[in-house]
Amino acid sequence: MKKHSAFLLLLSCLVFSVGCYAQDVGYYKCNGGISLSPNNFYALAFQGKRGLDKKSLFGYEKKLEVSKNQIWLFFDTPSSGLMRLQIKKTDTPFQIYIFKEKNGVLCEDLESKSAKLIYKEPSTVNLNSEFIFVEDALRYGVVLVANSGVKDSLEFSFDFSPQDEFGNEIVDSLLFDLSTHGNAHEYEIHVRDAITKRPVKSKISLTGANEINGAYVASDLILNIRKNIKECELKIDAEGYFSFDKKDHSILLKNGLNDTILLKPLVRGAVAKIDEIYFTAGLATILEESGPKLNRLRDFLLVNASVNIEIQGHVNGDGTQPLSSRRLSKKRAKEIVKYLITAGISSKRLSAKGFGFTKPVYEFPESEMEKEANRRVEILIK
């Protein structure tokens with residue numbers, strides 16, 4: 001069951017905020033840098049690049065020659081606040097640079113030498129205890145530079161605390177109160193970050209009962225409920241988070257009228273399963289009943305415009321015909337990519353990969369449910 005365990009480990013990096021190991025997509029240079037998600041753990045490795053940086057960092061360092069062996073990280077501030085990089089103990093010496101954009105495109109600012117260098121220290125300095133104040137709606141770049149040729153790994157967490165310049169906590173919350181006086185009961189939905197438990201201002205959609213049907217924007221939504229609602233559909237979207245869907249959401253007076261929804265933040269390298277996408281048996285033809293879920297995937301990408309994903313196809317197999325199963329799973333993933341492109345998502349944000357039956361959830365499926373679990377579509381956050 002090693003393959004099953006590996007899948008669960010990838011998924012758990014999002015759910016439980018354990019280490020997420022980012023994949024190599026050129027993060028040794030500015031235009032391939034990794035976007036940091038607040039309050040998450042990362043494990044990266046220097047790529048062992050050799051030579052001197054005569055481009056991005058050239059001119060910012062007068063005393064030292066800067067190696068090309070770099071790790072580039074970016075943080076787009078949702079508000080002003082304090083950020084901190086907590087680096088685990090490492091024997092690898094490296095230099096830390098932090099830049100602030102000036103003209104709106106940090107990599108271009110660095111090329112023109114107009115980016116502002118706000119922090120520069122060797123790794124021997126205890127960065128773990130140092131918070132750096134960042135301004136609202138700007139991009140900050142963190143560059144870690146090791147000696148030429150070094151390929152050592154590095155583990156760190158990235159913390160962010162929203163605060164104003166006077167040290168007051170900023171909470172991005174919005175109360176949407178549609179309750180009125182009378183005999184009705186108040187039903188509350190509270191949307192929170194799964195890691196920090198902070199309020200998350202989200203688009204909340206409820207359908208299935210006339211008295212609650214609607215789309216709302218709130219972190220805390222209060223509605224009037226006059227009777228039990230045994231089944232409705234609840235959808236929640238917020239930038240920087242995986243979407244939340246529940247088709248059979250119930251609101252029962254006897255169960256209390258308070259639901260807290262925990263949204264899982266997007267983490268680079270995280271994998272999530274997309275349910276209810278169906279294909280014709282043995283073919284790459286998408287069945288019509290897959291439309292609603294594919295449209296939800298489209299909406300997720302529209303809300304999170306900076307996210308790129310890899311569509312991963314998996315099939316259930318008995319160990320025979322590995323090449324044909326891999327081809328089929330890739331064709332199915334490509335069909336989903338085509339659907340999303342037709343729906344208005346840029347092809348530059350999408351890629352497809354087929355694993356055949358090489359990564360089953362159940363290595364030896366014994367029931368139709370387990371076989372169905374092996375036939376799945378997943379997305380990888382890149």
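Every number in this text was worked out from the coordinates using simple rules, so none of it is lab data. The model shown is predicted, which means the values in this text are computed figures rather than measured ones. Note: ideal-geometry Cβ built from the backbone for every residue, glycine included; neighbour counts use all protein chains shown.
Mind checking segment 268-363 for GluC sites (Glu not before Pro) that DSSP puts in a loop (not H, G, I, E or B) and that have at most 16 other Cβ atoms within 10 Å? If you can, show how the numbers build up before the last one.
Working: sites: E276, E288, E289, E310, E335, E363; in loops: E276, E363.
Hits after loop and neighbour filter: E276, E363.
Testing the spin-label approximation: label points 7 Å from Cα along Cα→Cβ at V303 and T320. State their distance in nm.
4.5
Please list, short to long, the whole-number percent of alpha-carbon pairs of segment 248-379 in consecutive 10 angstrom bins beginning at zero.
11, 38, 30, 16, 5, 0
With only Lys, Arg, Asp and Glu charged, each at its Cβ (+1 for the first two, -1 for the last two), find how big the charge dipole of segment 179-313 is about the Cα centre; round to the nearest 20 debye. Could the numbers behind the result be given before it?
Values: 18 positive and 18 negative charges, 65 e Å.
Value, rounded to 20: 320 debye.
Please determine, in degrees from 0 to 90 and to the nearest 10, the orientation of helix 2-15 with respect to the longest principal axis defined by the Cα atoms of the chain, where the helix direction is its Cα long axis.
Computed tilt is about 80 degrees.
Past 21 Å, Cα to Cα, is the threshold; run K120/K264; K264/K293; K235/K348; K29/K116 against it and keep the listed order.
K120/K264; K235/K348
Among A209, S161, F99, which residue has its Cα positioned farthest towards the positive end of the charge dipole of segment 89-213, with +1 placed on the Cβ of Lys and Arg, -1 on the Cβ of Asp and Glu, and the dipole taken about the Cα centre?
F99
Which lysines have a Cα less than 16 Å from the Cα of K371, not counting those fewer than 8 places away in the same chain?
Within reach: K3, K273, K359.
Report Rg(Cα)/(2.2 N^0.38 Å) for the chain, keeping two decimals. Can you show the working numbers first?
Details: Rg = 23.5 Å, N = 382, 2.2 N^0.38 = 21.1 Å.
Against the compact-globule rule of thumb, the ratio is 1.12.
So what is the relative contact order for segment 162-288, in percent, with contacts set as C-alpha pairs under 8 Å and at least six apart? Walk me through the numbers before you get to the answer.
Values: 247 pairs, mean separation 30.4, N = 127.
Averaging sequence separation for qualifying contacts and normalising by length gives 24 percent for segment 162-288.
What is the magnitude of the charge dipole of the chain about its Cα centre, with +1 placed on the Cβ of each Lys and Arg, -1 on the Cβ of each Asp and Glu, and no other charges, expressed in debye to the nearest 20?
Values: 53 positive and 48 negative charges, 317 e Å.
Here the chain has a charge dipole of around 1520 debye.
Working from Cα positions, state the angle (0 to 90°, nearest 10) between the long axis of helix 291-303 and the longest principal axis of the chain.
Tilt relative to the chain: about 30 degrees.
Please give the helix 322-342 orientation as an angle from the longest Cα principal axis of the chain, in degrees from 0 to 90, rounded to the nearest 10.
90
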